[in-house]
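Take a look at the structure below.
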Amino acid sequence: MVFRRLLLAAGTLLFLTVAFLAGALRGGRREEPGSVHPTPLPPAAVSSRTRELAPAGGGAARQILFGDLHVHTTFSSDAFQLSLPLLQGEGAHPPADACDFARFCSGLDFWSITDHAESITPRRWQETKDTIRRCDAVAGGPDGPDVVPFVGWEWTQVGVTPEDHYGHKNVILRNLEDASLPARPIAATGRFARVLRYGIIASRSWWDRVRFPLLDFRQRQRYLDMGVFFAENRAVPDCPRGIDTRQLPADCYETADTPQELFEKLSQWGFDVIVIPHGTTWGLYTPPGSTFDKQLTVAQHDPEKQTLFEVYSGHGNSEEYRAWKAVDRAADGTPVCPEPTREYEPCCWRAGEIVRARCDDVPAEECERRVRVARANYLAAAGSGRATIPDSEVEDWKDCGQCRDCFNPAFNYRPGGAAQYVLALSNFDSPPAGPRRFRFGFIASSDNHKARPGTGYKEYGRRLMTEATGARSAAWRRRAIPEPPRSRESIAVDPYNPGHPLIATDGERGASFFMTGGLVAVHADGRSRDAIWAALERREVYGTSGDRILLWFDLLNGPGGPRPMGAEVALRTSPRFAARAVGALVQRPGCPDWAVTALPPARLEALCRGECYNPGDERRRITRIEVVRVRPQRHAGEPVGPLIEDPWLSLGCPPDPGGCRVEFEDSDFVAAGRDAAYYVRAIEEPSPAVNAGGLRCEYDAQGQCVRSHPCYGDYRTPFDDDCLTMNEERAWSSPIYVNFGG
């Protein structure tokens with residue numbers, strides 16, 4: 001009798017527990033687009049940043065407007081996961097937040113939403129378009145709005161090997177009407193795209209969806225919401241393949257395997273569109289040995305659509321080429337690990353040194369065998385080499401893979417995707433038509449994943465204004481990342497199935513390389529959508545590392561008169577140039593009075609965290625203007641390194657707050673008899689910047705890193721530590737392309 005009562009009581013308790021948990025783990029909410037704040041900006045706030053400015057070479061004055069064409073919200077699945085409590089996230093930052101941030105916090109003139117297409121369902125796509133339209137409506141009339149928002153998405157392709165890797169591209173659309181927009185965004189395919197569609201954390205299995213809200217029960221709501229988010233993704237069927245995009249069903253998930261297929265689909269729509277490659281040197285996902293060569297073909301490049309190139313973002317710099325390699329090839333194609341130099345240590349080499357340090361009393365011959373295996377395993381794992389020594393710590397890898405002498409380099413730098421390398425390439429597959437080349441304008445943007453376009457206006461809030469994010473405690477790190485196996489040797493890893501993504505991608509090291517983000521500037525005839533788009537189309541654009549530096553770069557003796565940055569001309573005389581730069585306005589603390597008045601205090605704090613774009617009257621000094629000359633290949637196989645002269649000229653500037661103007665001439669142009677591309681960098685006096693020190697290595701007399709001091713994204717670096725290091729902020733002009741002939 002007693003046993004039956006105990007059994008009944010236990011059963012009742014189990015039933016009540018299950019019922020309680022079932023109730024507690026229900027109630028996930030859908031991620032909504034948010035509400036755009038309706039308050040218009042005062043005219044003085046807009047007019048104060050609108051100036052008619054004459055170019056360096058004379059001629060009609062144009063306005064310089066600043067924007068951000070690379071912005072994610074929590075409609076992107078990776079951004080949603082970064083918002084989780086276990087990662088010290090802030091919760092939802094939907095598309096409406098991005099509009100409010102651009103208007104009231106960063107004071108931008110234009111911006112574009114570029115959420116990952118891989119996680120944009122048909123319903124989210126409609127909500128994105130509607131939100132951008134509301135943002136456009138509250139910004140004012142078409143001729144002088146306080147901000148111009150654009151609709152776009154990111155095509156997020158990642159290959160496992162250099163041969164199938166094309167990288168990420170932002171797709172920006174000109175107009176906002178449904179008749180001028182695709183029915184759905186076009187996603188990439190592959191393993192990385194699947195991760196974006198279905199998630200990494202707490203989303204892939206029933207147990208994952210249950211254990212995180214249970215373990216973090218008081219903050220369970222965000223995890224439950226994520227279950228709803230990914231359930232919506234899973235409910236959307238794949239679109240049929242091989243059908244004209246305009247004939248596809250309205251509610252399906254459309255993909256493109258390659259840039260060729262993406263361009264074909266965009267051509268079928270026929271809308272005004274600009275495609276912008278970005279993150280081209282970012283080694284977190286780019287396989288070692290990847291280069292941009294394979295994209296300079298008729299199939300994989302559309303010169304009418306793909307006209308701009310992102311040289312800088314919150315993920316670092318993608319401008320500078322270096323001749324060193326992360327992997328080499330033997331005559332038979334076998335991957336070979338290059339030896340380190342003073343300028344660079346390949347991570348395959350560092351993998352061997354990590355294993356060497358674990359040899360202990362192992363005989364020397366056996367130790368060397370393990371070292372060779374470790375290097376081979378690293379190379380065989382392609383972009384997942386970190387997983388070959390899964391129990392290693394960030395400090396074990398020192399600064400392998402990093403560009404030691406680049407400005408704010410992207411993590412695990414891949415020079416085959418650098419802007420300078422891209423400028424030097426030529427494709428000779430079509431001899432009668434002459435060599436095919438890229439003709440990009442240079443921009444920068446933020447790649448922010450917290451609905452904060454234009455974060456670079458002030459250097460603060462490393463965990464809020466950058467992507468540096470990680471577990472909030474050691475316990476949560478163990479819960480998010482499985483305890484890796486421990487071994488004194490390297491393990492073989494299948495690059496197509498490398499195990500847990502957070503181990504394979506080396507994300508913890510990457511946290512030291514997240515910057516506050518860059519900006520794109522346009523020389524426009526006005527503040528309207530059409531004027532901004534026209535400037536983007538003619539490549540009269542430049543990028544900055546975040547400061548609102550004013551920059552002009554003109555060819556003085558172009559055919560018919562001066563020609564601005566982005567132009568392409570033919571000359572048979574020495575080209576003469578003028579460049580002018582004015583430093584950014586020094587920021588005052590806090591937010592301007594109109595922003596404080598416009599937004600409720602709680603909303604202002606949630607968005608801006610107490611700091612807004614708030615310029616004073618003083619400007620930072622431009623210390624020098626550097627000129628880079630790139631002479632594209634004249635024959636197949638011509639080595640690229642000698643064709644890139646960086647800097648070709650370095651021109652000092654006087655300590656004048658009014659800026660700096662220089663003129664120069666290429667007297668070698670006619671004698672060389674070959675085409676050339678020229679662009680300038682305007683460099684400011686040093687100022688502190690978030691994460692500008694990277695891994696903050698200590699170097700020995702041979703230039704090798706002996707100890708790193710990472711800025712972690714997780715609990716190991718205090719939340720309020722911005723990891724500030726002195727930095728020379730800069731602006732990059734678009735190139736002027738001068739062809740020998742005419």
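The values are calculated or read from the model by the stated rules, or taken from the named source; none is laboratory data. Everything quoted here is computed from the prediction, not taken from an experiment. Because the Cβ atoms are built from the backbone with ideal geometry, glycine has one as well, and the counts that use them run over all protein chains shown.
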Practice item. Go through the residues of segment 332-344 one by one and say whether even a single one is without any contact (Cβ under 8 Å) to a residue 40 or more places away in the chain, surrounded by fewer than 19 Cβ atoms within 10 Å (Cβ to Cβ), of a type in the set (D, E, K, R) and in a loop (DSSP other than H, G, I, E, B). Key: yes
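Consider segment 300-331. How many of its residues are outside any loop (DSSP other than H, G, I, E, B) and buried (at least 24 other Cβ atoms within 10 Å of the Cβ)?
Final tally of qualifying residues: 8.
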Exercise for review: With respect to Asp164, determine if the residue is surrounded by fewer than 20 Cβ atoms within 10 Å (Cβ to Cβ) and of a type in the set (D, E, K, R).
Suggested key: yes
Practice item. Return a yes/no flag: does segment 350-359 have any residue that is within 26 Å of the chain's Cα centre (by Cα), in a loop (DSSP other than H, G, I, E, B) and touching a residue at least 24 places away in the same chain (Cβ under 8 Å). Key: no
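Looking at Asp656, Asp675, Asp646 in this structure, which one is at pLDDT 95 or above and more than 30 Å from Asn448 (Cβ to Cβ)?
Result of the check over Asp656, Asp675, Asp646: Asp675.
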Study note, to complete from the structure: Among Ala480, Ala444, Ala492, Ala474, the single one that is assigned by TED's automatic domain parsing to the domain that holds Phe104 and either modelled with pLDDT under 90 or of a type in the set (A, V, I, L, M) (or both) is Ala444
Point to revise | Identity of the residue in segment 635-657, surrounded by fewer than 11 Cβ atoms within 10 Å (Cβ to Cβ) and touching a residue at least 24 places away in the same chain (Cβ under 8 Å), that ends up farthest from Pro735 (Cα to Cα) | key: Pro655
Exercise for review: Kindly establish whether Pro592 is closer than 24 Å to Thr516 by Cα and more than 27 Å from the chain's Cα centre (by Cα).
Suggested key: yes
Review point. For segment 140-161, how many residues are out of contact with any helix residue (DSSP H, G or I) (no Cβ under 8 Å at 6 or more places or on another chain) and not small (Gly, Ala, Ser)?
Key: 1
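Within segment 686-734, which residues are at positive phi and over 23 Å from the mean Cα position of the chain (by Cα)?
Taking segment 686-734 as the starting set, the residues that turn out to be at positive phi are 691, 694, 696, 703, 723.
Within segment 686-734, Gly703 is the sole residue that qualifies.
Can you tell which of Arg603, Arg620 is among the charged types (D, E, K, R), touching a residue at least 12 places away in the same chain (Cβ under 8 Å), in the same structural domain as Cys99 (by TED's automatic domain parsing) and buried (at least 16 other Cβ atoms within 10 Å of the Cβ)?
Arg620
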Practice item. Would you mind finding the one in Thr297, Thr286 that is under 16 Å from the mean Cα position of the chain (by Cα), part of a loop (DSSP other than H, G, I, E, B) and among the polar types (S, T, N, Q)? Key: Thr286
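Looking only at segment 247-283, how many residues end up being assigned to a loop (DSSP other than H, G, I, E, B), among the acidic types (Asp, Glu) and modelled with pLDDT of 95 or more?
As a first pass, look at segment 247-283 and keep what is assigned to a loop (DSSP other than H, G, I, E, B): 248-252, 256-258, 270-272, 279-283.
From what's left, among the acidic types (Asp, Glu): 251, 257, 272.
Next cut, modelled with pLDDT of 95 or more only: 257, 272.
Residues that pass the stated criteria total 2.
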Revision key, fill the gap. From the option list Leu65, Leu69, single residue qualifying as at pLDDT 95 or above, among the hydrophobic types (A, V, I, L, M, F, W, C), in contact with a helix residue (DSSP H, G or I) (Cβ under 7 Å, 6 or more places away or on another chain) and not in a loop (DSSP other than H, G, I, E, B) is Leu65
Practice item. Would you mind stating whether Ala701 is at pLDDT below 95, of a type in the set (A, V, I, L, M, F, W, C) and over 30 Å from Ser426 (Cα atoms)? Key: yes
Study note, to complete from the structure: With the first residue restricted to segment 253-276 and required to be without any contact (Cβ under 8 Å) to a residue 60 or more places away in the chain, and the second required to be assigned to a helix (DSSP H, G or I) and of a type outside the set (Phe, Trp, Tyr), Cβ contacts under 7 Å at 6 or more apart or on different chains are Gln268/Thr245; Gln268/Arg246
Exercise for review: Having 3 or more residues that are of a type in the set (A, V, I, L, M, F, W, C) is the bar; report the strands (runs of 3 or more DSSP E) wholly within segment 581-631 that clear it.
Suggested key: 622-630
Review point. What tally of residues in segment 524-534 results from selecting those that are farther than 17 Å from Gly107 by Cβ and in contact with a Gly (Cβ under 9 Å, 6 or more places away or on another chain)?
Key: 2
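Please go through segment 19-62 and give me each residue that is in a loop (DSSP other than H, G, I, E, B), touching a strand residue (DSSP E or B) at 6+ places or on another chain (Cβ under 9 Å) and modelled with pLDDT of 80 or more, ordered by number.
Ser48
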Review point. What residue, of Asp208, Asp244, Asp225, is among the acidic types (Asp, Glu) and modelled with pLDDT under 95?
Key: Asp208
Revision key, fill the gap. Arg220 passes all but one of the listed conditions (1) part of a helix (DSSP H, G or I); (2) free of Cβ contacts under 8 Å to residues at least 24 places away in the same chain; the exception is number (2)
Review point. Is it true that some residue in segment 488-497 is surrounded by 21 or more Cβ atoms within 10 Å (Cβ to Cβ), over 18 Å from the mean Cα position of the chain (by Cα) and within 30 Å of Arg634 (Cα to Cα)?
Key: no
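So, in segment 684-706, of the ones that are in a strand (DSSP E or B) and in contact with a Phe, Trp or Tyr (Cβ under 9 Å, 6 or more places away or on another chain), which residue ends up surrounded by the fewest Cβ atoms within 10 Å (Cβ to Cβ)?
Val706
Could you tell me whether Ile243 is surrounded by 18 or more Cβ atoms within 10 Å (Cβ to Cβ) and of a type in the set (A, V, I, L, M)?
No, not satisfied.
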Point to revise | Tally of residues being at pLDDT 95 or above, part of a helix (DSSP H, G or I), out of contact with any helix residue (DSSP H, G or I) (no Cβ under 8 Å at 6 or more places or on another chain) and closer than 26 Å to Ala676 by Cα across segment 384-439 | key: 5
Exercise for review: Quickly run through segment 496-510 and pick out the residues that are in contact with a helix residue (DSSP H, G or I) (Cβ under 9 Å, 6 or more places away or on another chain) and either at pLDDT 90 or above or in the same structural domain as His93 (by TED's automatic domain parsing) (or both).
Suggested key: Arg509
Exercise for review: For segment 474-495, indicate whether the set of residues that are β-branched (Val, Ile, Thr) and within 25 Å of Ile113 (Cα to Cα) is non-empty.
Suggested key: no
Point to revise | Selection status of Ile481, within 29 Å of Trp207 (Cα to Cα) and surrounded by 17 or more Cβ atoms within 10 Å (Cβ to Cβ) | key: yes
Exercise for review: Please state which of the following conditions Val160 fails to meet, knowing it meets all the rest: (1) modelled with pLDDT of 95 or more; (2) out of contact with any strand residue (DSSP E or B) (no Cβ under 9 Å at 6 or more places or on another chain); (3) among the aliphatic types (A, V, I, L, M); (4) over 27 Å from Leu65 (Cβ atoms).
Suggested key: (1)
